[in-house]
Each structure stands twice: as structure tokens, then as C-alpha cells.
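Q: This is the structure, below, for whatever I ask next.
The values are calculated or read from the model by the stated rules, or taken from the named source; none is laboratory data. Because the structure is a prediction, the values reported are computed rather than measured. Here the Cβ is made from the backbone with ideal geometry for all residues, glycine too, and neighbour counts use every protein chain on show.
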Amino acid sequence: MPTTYAVIMAGGSGTRFWPVSRSATPKQLVRIVGETTMIQATVARLMPLIAPERILIITTAQLAEETRRQLPMLKPEQVIAEPVGRDTAACVALAGLVVEKMSPGATMIMLPADQVIRPADAFQRALAAGITVAQQGRLVTYGVVPRHPATGYGYLELSDAHPAVDGIAVTKVKRFVEKPDQARAEQYVQAGNYRWNSGIFTWRADVVLRELSKHCLWLTDALRPVAAAYGTPGFDAALSAAYMPLKKVSIDYALMEHATDVAAVDVRFDWDDVGSWDALPDHLPAGADGVIARGETITVGSRNCLVVSEPGAPLVSVANCSDLTVVATRDAVLVVPRGQGQAVKQIVDELGRRGRKDLL
């Protein structure tokens with residue numbers, strides 16, 4: 001394999017997993033699925049394809065210390081702390097400049113810290129195919145075959161096929177499509193040439209920097225001095241000075257919607273961005289009654305419930321209930337009907353209005 005780096009974007013807040021996810025320990029830094037935190041699972045999934053010394057994390061200043069604690073195999077400087085969030089375009093530009101400084105012409109994988117992907121070997125095979133295509137100078141993304149007409153994901157419209165790589169289909173991306181309404185999502189699934197946008201990308205650092213400079217030169221120009229300072233005592237000061245004036249813009253809007261040579265690797269691994277508590281029944285074992293229980297819980301006469309008692313929380317008991325999500329921590333309890341997990345953000349917003357920073 002050519003020299004390849006992985007850059008994990010880990011600055012999200014994960015408010016829809018309140019009360020487990022908080023501002024100091026958001027979704028990627030807590031255990032949602034499995035026995036490790038989501039960022040630990042993401043790093044483990046990359047190996048052995050990518051060695052630990054070629055993994056970078058871009059997170060926020062508030063989360064950097066805990067991120068470093070959870071990933072002791074990484075050197076402190078491999079965790080880059082943004083002073084403020086400026087969305088994914090700034091993250092990609094900064095990562096590209098740093099990687100190009102360390103290893104000119106290297107390939108880089110960009111991926112979120114908070115997705116559930118199984119099995120790991122299928123994921124690694126898809127990444128290997130993407131690296132091969134990216135080395136040809138293309139921008140590469142990974143398209144997930146839709147399982148249902150989801151309205152919470154962006155889509156890729158595919159057109160002409162490229163040569164397959166090790167039996168994995170590769171297709172030209174005609175366009176990136178924003179999150180659709182229900183009727184349009186159903187049309188996309190029926191058409192057959194649409195994929196969910198996984199938010200995972202692969203490209204050569206020099207190629208993505210060239211393309212970013214075409215469409216948003218202001219961004220790459222602003223961040224070049226930061227990359228030049230990487231690895232020096234002046235890095236944090238340079239990063240803060242450059243980041244504060246930047247506009248927030250996503251990589252899809254800044255680049256991918258305008259680029260003309262984008263290829264999609266057609267993936268067949270199980271993929272989920274687990275956007276709320278409603279996603280967990282697809283990933284956690286349930287009893288015969290459909291109840292998923294974690295921690296100290298008692299369920300009697302109940303069906304299709306998710307019941308969670310986190311360490312330090314009291315026993316949670318649920319009797320004769322159906323289709324509920326109940327989550328307890330040491331200082332808060334959430335109760336919401338199954339299927340309405342997006343409403344958790346409304347609770348978080350209300351806590352903010354009440355000034356309850358102790359619960360956020």
C-alpha cells in the first residue's frame with residue numbers, strides 16, 4: 001500500500017444521546033455500542049491497514065485531553081485541538097496540509113469518529129480499494145447501498161462505472177444530494193443508482209489541497225501557516241489565530257458538490273451513523289420480548305423497550321410498558337417513545353434555555 005494516513009474527525013457533540021453524551025464527553029467518547037468508546041472502536045477498525053503513528057485525530061480543545069487519554073497508542077501531537085469548530089472543510093484543509101508536510105504525495109482517509117461499521121475486514125478492503133483509486137488522482141467517497149428510504153442522510157447519485165478494484169465496484173459520482181424528504185428518498189431507493197453518503201473520503205493530500213484551492217482559496221491560504229508550524233511550540237497559537245476568523249462550511253458544500261472527478265467505492269459492510277437512541281436496537285442484542293437492557297435494570301411485562309442504567313445510576317425498573325426508551329445516569333433520566341429519539345435534542349435545548357450547564 002502507498003503511504004496512507006487516517007484522519008479521524010472527532011469534534012461532534014452527539015446531543016441526541018443525552019443524558020449519556022455530554023459536552024465534556026460527547027457521543028464519540030462514551031460507550032454506545034460494544035465494550036469500547038466509539039472513537040476507540042474507530043481507531044481499532046483502521047488497524048492493521050493504518051499504523052498508529054499515521055493516525056491523526058482532529059477534535060476540539062475541550063475534548064483533546066480525554067481523547068488523548070482514551071488513545072494512549074497515539075502521541076499527544078497526533079491529537080490536534082481546534083480552538084473553535086469551523087465544520088468539516090476547515091478540518092479537511094488542515095489535515096491535508098499537515099499530511100502533505102509530513103509525507104508529500106501521501107494518501108489520506110477522512111472519517112468520522114462516531115459510526116458503527118461491521119465487519120472490520122470488509123471495511124478495510126473497501127478502504128484499500130479507495131486508496132488505489134485515490135492514487136490515480138481522484139477524490140474518493142464511499143457509498144452505502146440504502147436499506148430503506150432514509151431522510152436523515154445525504155445521498156450520492158452515481159453514473160458511469162469505473163474499473164472495479166479487487167472485485168469491488170467503483171462508480172463516478174454525478175452529484176451529491178442533500179437530505180431528501182420522504183417522497184424523494186423513496187424515489188432514490190427505487191432508482192437504484194443512489195447511495196447513502198457515508199461521510200468517509202480518501203484522496204491524495206496534494207490533490208484535495210489543489211481542488212480546495214480552486215473552490216475556496218481563502219481556506220487553504222489561511223491554514224498554510226498553521227501547517228508550517230505543526231510540530232513546533234508555536235502551533236497552537238498559529239492554529240488559534242487562523243481558525244477564529246474562518247467561516248463555517250462543510251466539505252460537501254465547499255468542495256464535493258463542485259468537484260468533477262469524484263468516484264464512489266460501493267461498500268457492502270454494515271454502516272450506521274447511530275444518530276439517536278432509536279438506532280441501538282439494530283446493534284444490541286434483545287430478549288424474546290424485544291427488550292434491550294444494559295446495567296442494573298428490571299423489566300416486567302414490557303415489550304420492545306430500550307432500558308439503560310449507566311454506572312453510578314440507580315436501578316431502573318420498567319413494568320407493563322411498550323416501545324419506550326429509558327436511560328438513567330447518576331444525575332438525569334430520559335424517557336421517550338421509541339421512534340422519537342430526535343426529540344432528545346429539544347430536551348437539550350430546553351436545558352440550555354434554563355441555564356442547566358451542569359446537565360449539558
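Q: Can you find a residue that is among the basic types (Lys, Arg), in the same structural domain as residue 235 (by TED's automatic domain parsing) and touching a strand residue (DSSP E or B) at 6+ places or on another chain (Cβ under 7 Å) anywhere in the range 177-191? Talk me through it step by step, then tell me what you get.
A: Residues of the range 177-191 that are among the basic types (Lys, Arg), as a first pass: 179, 184.
From what's left, in the same structural domain as residue 235 (by TED's automatic domain parsing): 179, 184.
Pick out the ones that are also touching a strand residue (DSSP E or B) at 6+ places or on another chain (Cβ under 7 Å) and you get none.
Looking through the range 177-191, none of the residues is among the basic types (Lys, Arg), in the same structural domain as residue 235 (by TED's automatic domain parsing) and touching a strand residue (DSSP E or B) at 6+ places or on another chain (Cβ under 7 Å).
Q: Let me ask something else about it. Can you pull out every residue in the range 271-290 that is more than 23 Å from residue 134 (Cα to Cα) and touching a residue at least 24 places away in the same chain (Cβ under 8 Å)?
A: Initial filter on the range 271-290 (more than 23 Å from residue 134 (Cα to Cα)): 272-290.
272, 273, 274, 275, 276, 277, 278, 279, 280, 281, 283, 284 - these are the residues of the range 271-290 that are more than 23 Å from residue 134 (Cα to Cα) and touching a residue at least 24 places away in the same chain (Cβ under 8 Å).
Q: To continue, here is another question. Looking at the range 324-339, is at least one residue free of Cβ contacts under 8 Å to residues at least 24 places away in the same chain, touching a Cys at 6+ places or on another chain (Cβ under 8 Å) and over 23 Å from residue 23 (Cβ atoms)?
A: yes
Q: Next up: Across the range 303-343, what is the number of residues that are within 11 Å of residue 278 (Cα to Cα), loosely packed, with under 14 Cβ neighbours inside 10 Å and touching a helix residue (DSSP H, G or I) at 6+ places or on another chain (Cβ under 7 Å)?
A: Here the count works out to 1.
Q: Same structure again: Check residue 259 against each of (1) within 28 Å of residue 14 (Cβ to Cβ); (2) crowded, with 17+ Cβ neighbours inside 10 Å and name the one condition it does not meet.
A: (1)
Q: Residues that are under 17 Å from the mean Cα position of the chain (by Cα) and under 18 Å from residue 5 (Cα atoms): list the strands (runs of 3 or more DSSP E) wholly contained in the range 82-197 that include at least 3 such residues.
A: The strands (runs of 3 or more DSSP E) meeting that bar are 107-112, 139-144.
Q: Scanning the range 51-70 for residues that are more than 17 Å from the chain's Cα centre (by Cα) and closer than 22 Å to residue 103 by Cβ, which turns out surrounded by the fewest Cβ atoms within 10 Å (Cβ to Cβ)?
A: 53
Q: Just a yes or no: is a residue in the range 210-217 on the phi > 0 side of the Ramachandran plot, in the same structural domain as residue 124 (by TED's automatic domain parsing) and not basic (Lys, Arg)? First the steps, then the outcome.
A: At the first step, the residues of the range 210-217 found to be on the phi > 0 side of the Ramachandran plot are none.
No, because not a single residue in the range 210-217 is on the phi > 0 side of the Ramachandran plot, in the same structural domain as residue 124 (by TED's automatic domain parsing) and not basic (Lys, Arg).
Q: Further, regarding this structure: Quick check on my filter: what residues within the range 26-36 are in contact (Cβ under 8 Å) with a residue 12 or more places away in the chain and either in a helix (DSSP H, G or I) or in contact with a Ser or Thr (Cβ under 9 Å, 6 or more places away or on another chain) (or both)?
A: Selection gives 26, 27, 28, 29, 30, 32.
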